[in-house]
1. Say a paramagnetic label sat at a point 7 Å from the Cα of ARG349, along Cα to Cβ; which residues of the stretch 157-191 have their backbone N under 11 Å from it?
2. Hey, rough spin-label estimate for ALA422 and ASP129, points 7 angstrom out along Cα→Cβ, what's it come to in nanometres?
3. Strictly over 32 Å apart at the Cα level, which of LYS299/LYS331; LYS331/LYS393; LYS130/LYS353; LYS193/LYS393; LYS86/LYS130; LYS130/LYS170 would you flag in this model?
4. Compute the FRET efficiency between ASP282 and ARG159 as 1/(1 + (r/R0)^6), taking r as their Cβ-Cβ distance and R0 = 45 Å, and round to the nearest 0.05.
5. Note the full-extension length gain between ARG443 and SER216 as 0.36 nm times their separation in residues minus their Cα-Cα distance, in nm to one decimal.
6. Considering the convex hull of the alpha carbon atoms of the stretch 345-447, report its projected area averaged over all viewing directions, in nm², one decimal.
7. If I model a spin label at ASP265 and LEU205 as a point 7 Å from the Cα along the Cα→Cβ vector, what separation in nanometres do I get?
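Please treat every number below as a calculation from the coordinates, not as lab data. What you see is a predicted model; the values in this text were computed from it and never measured. Ideal geometry is used to build each Cβ from the backbone, glycine not excepted, and the neighbour counts take in all protein chains shown.
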Amino acid sequence: MVKAGGGQRESEGAVVPLIGVHDNAPGGKGPHFDHAFDEGKRKGMAGTARSSSPGGPRPAVAGLVPPPAPGMWRADPVNVRRLQRKLWTAARQSPERRFHALYDRIHRGDVLWEAWERVRRNRGAAGVDKVTLAFVQEEYGVARLLAELQADLREGTYRPAPARRVDIPKPDGSKRPLGIPPVRDRVAQQAAKLVLEPVFEADFLPCSFGFRPKRSATQAVERLRVAFIEGCQFVAEFDIRNFFGEISHRELAARGVGELVRYADDGVVLCRSAAQAQAALDAVEDILGGLGLRLHPDKTRTVDLREGRDGLDFLGCHFHARMSGRLWEQKRIVRYYLHRWPSQRAMNRLREKIRDRTGRNRVGQDIRVVIADINPILRGWGNYFRTGNAARKFGEADDYVVFRLRRLMIKKRGRNLRGGQAATWTEDWFNGHGLHRLRGTIRYPRAA
């Protein structure tokens, strides 16, 4: 949950459900914030929004730009960004300031519309009310939904509905519970995030990369590569059972035991010596002990990255030091760089997804339909791993996809398979039918 009030705010990407309150909770960030800026602070508050029947005219949402045509509404994302910049600047310049007047920003018309646009782009399934995004857009009406939500938020009568629970299978065979709120609640949560995120973002530590604007997992793994060059060749690798967010990062940096790199609940400490790495683990264990938590014994260790002695998995990548062959050939210099490629677990997960979408149940479908189904998986997986040293792994992935598709074609032909026909179904043949190719897509981080 987002922690309001003094002290370090370490939650990342948290969403606060709105429970129909009129004012910020006591201890919320900053009194007198209304005086920090005047421009735009009351936009979207004029007028009264009322709901209408499905057959009647759709109500206007206060604060929206006038429609370019009847029935068409348009938001003002520039104004929302301006609000976010001012919130961030005020929080950055006055870390101890508390904000007690943010609720009215959440139900501003332009903020609600921008929240809707982000929910729409994220897609997602329906909640317990079975209302889909398509139904809102095509039948119920976006402006009508936002007007009704704005009225409930403004009057303090908004209540979130229960979330629909879905169990997502994990690679180890267990399941991860996932809550899917209704579309209306997702818009309210996104609106709260738009307003609250800049305030908390101003105080986040640079070691946190997860679910933050303009930060990514790629930046986190790149930090390991750069730190290795800078002399951090030992790593304290640890795992906390679902409680990584409880660690006091300020206390861990204050002990001088290395550099913490964290993405959500995954993290490592980069150190310059084995002694420092062990001290980092001791510090983490000590901090957790005060919280009544323990380290996972099977996933906690110190890693010696020097000269490729050990490797580690982090954020789906396997890290291992490799000697530069070019420097050795040209200048006879022995120098190691930290390389990364998809971990074995990441490779297995990709194979599972491809296997699930190329089984016997797809025999009756056109091969182009099957390819269109697996292409988004290949593109997303490739975009994530393409900034490393994954050329060989990308080739293995392409070979596996072609193998599965060729088997599917053989099953599809059955007794009608002609001699030598299977040999014509090459990688180029499938690429010609639209298959995304991973080979040749490696990009260095700056180019990507």
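1. Output list for this probe position: 170-172.
2. Placing both labels 7 Å beyond Cα along the Cβ direction yields 5.4 nm.
3. Working: LYS299/LYS331 40 Å; LYS331/LYS393 29 Å; LYS130/LYS353 27 Å; LYS193/LYS393 38 Å; LYS86/LYS130 38 Å; LYS130/LYS170 26 Å.
Listed pairs above 32 Å: LYS299/LYS331; LYS193/LYS393; LYS86/LYS130.
4. Values: r = 47 Å, r/R0 = 1.04.
Here the calculated transfer efficiency is 0.45.
5. Details: separation 227, 0.36 × 227 = 81.72 nm, distance 1.60 nm.
Stretched fully, the ARG443-SER216 segment lengthens by 80.1 nm.
6. Values: hull surface 26.9 nm².
Mean projected area of the Cα convex hull: 6.7 nm².
7. The modelled label-to-label distance comes out at 1.9 nm.
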